[in-house]
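See structure below.
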Amino acid sequence: MSNAVGPLEPGKAPGEQVDEFVDVANLGAQYVLRAFGPRVRAGGRLVVVASSLGTLGQLPEELWGRFDGVSLEDVEKVVEEWRAAVHDGTAAELGWPEWVNVPSKVAQVAAVRAVAAERREKDLREDTLVASVCPGLVDTRASRPWFDDFSEAKSPQDAVQPIVDLLLADHVDPALYGELIRDGKVVEWKPSTPR
């Protein structure tokens, strides 16, 4: 399981934060997928903790093709192009959201989807799962600066239970394979109605 996040601070310029955040969240997930993907045994589970912010609907529609139906190498390239655009000040004019968490999470989910697309048939035959998961809003040190209302937030213990259930399930549900999963259900990757 890959679950790491770099620090983000409200009010701090994206260019000052993007490198550490991408190095931890994106490169970390990509390295885990590359290193452990080939080593996952039949019946194993390869899961990246992401966010429901990691869906195409969080981005302008003109950016969707950069992440949809692409390879892991393509995702890695887009992440580096986006990071460079943040640094040179062109990210906004290229349509990227200012909050670096959003493109980062979309890239995490896209990386998982890319790896899963290559492995799907064999993995399902062998009851192996590759997926990303969203624990939902959890009251943690990382989320505190960004949200005011934690009345609906889960405790870490409550947030992890559906993930543990997924990991320990007797069989892989093909409908969940390669998807972003929250509380046992697929989070829509591409909105049925563009925004």
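The values are calculated or read from the model by the stated rules, or taken from the named source; none is laboratory data. Quantities reported herein were computed from a predicted structural model and do not represent experimental measurements. Methodologically, a virtual Cβ is constructed for each residue, glycine included, from the backbone with ideal geometry; neighbour enumeration extends over all protein chains shown.
Observations on the model:
- Filtered by the rule that a residue be part of a helix (DSSP H, G or I), in contact (Cβ under 8 Å) with a residue 24 or more places away in the chain and closer than 19 Å to LEU167 by Cα, region 36-85 gives a lone residue, GLY37.
- If you go through region 72-116 and keep only what is exposed (fewer than 14 other Cβ atoms within 10 Å of the Cβ) and either among the aromatic types (Phe, Trp, Tyr) or under 22 Å from GLU179 (Cβ atoms) (or both), you end up with just GLU73.
- Residues satisfying the stated conditions in region 40-61, i.e. more than 24 Å from TRP99 (Cα to Cα) and either buried (at least 19 other Cβ atoms within 10 Å of the Cβ) or of a type in the set (A, V, I, L, M, F, W, C) (or both): VAL40, ALA42, LEU46, VAL47
- When the residues of region 111-132 are filtered to those that are out of contact with any helix residue (DSSP H, G or I) (no Cβ under 9 Å at 6 or more places or on another chain) and of a type in the set (Lys, Arg), the one that is nearest to GLY65 (Cα to Cα) is ARG120.
- Qualifying residue in region 123-137 (condition: assigned to a helix (DSSP H, G or I) and either at positive phi or surrounded by fewer than 14 Cβ atoms within 10 Å (Cβ to Cβ) (or both)): yes
- Unique residue being in contact (Cβ under 8 Å) with a residue 40 or more places away in the chain and in contact with a Pro (Cβ under 8 Å, 6 or more places away or on another chain) when the list is ALA91, ALA111, ALA107: ALA91
- Candidates ALA153, ALA117 - the one that is of a type outside the set (S, T, N, Q) and modelled with pLDDT under 95: ALA153
- Inter-residue pairs, beta-carbon under 9 Å, first within 15 Å of ASN101 (Cα to Cα) and in region 125-139, second in a strand (DSSP E or B) and β-branched (Val, Ile, Thr), 6+ apart: CYS134/VAL49; CYS134/ILE181; CYS134/VAL187
- Every listed requirement among (1) on the phi > 0 side of the Ramachandran plot; (2) touching a strand residue (DSSP E or B) at 6+ places or on another chain (Cβ under 9 Å) is met by PRO156 save one, (1).
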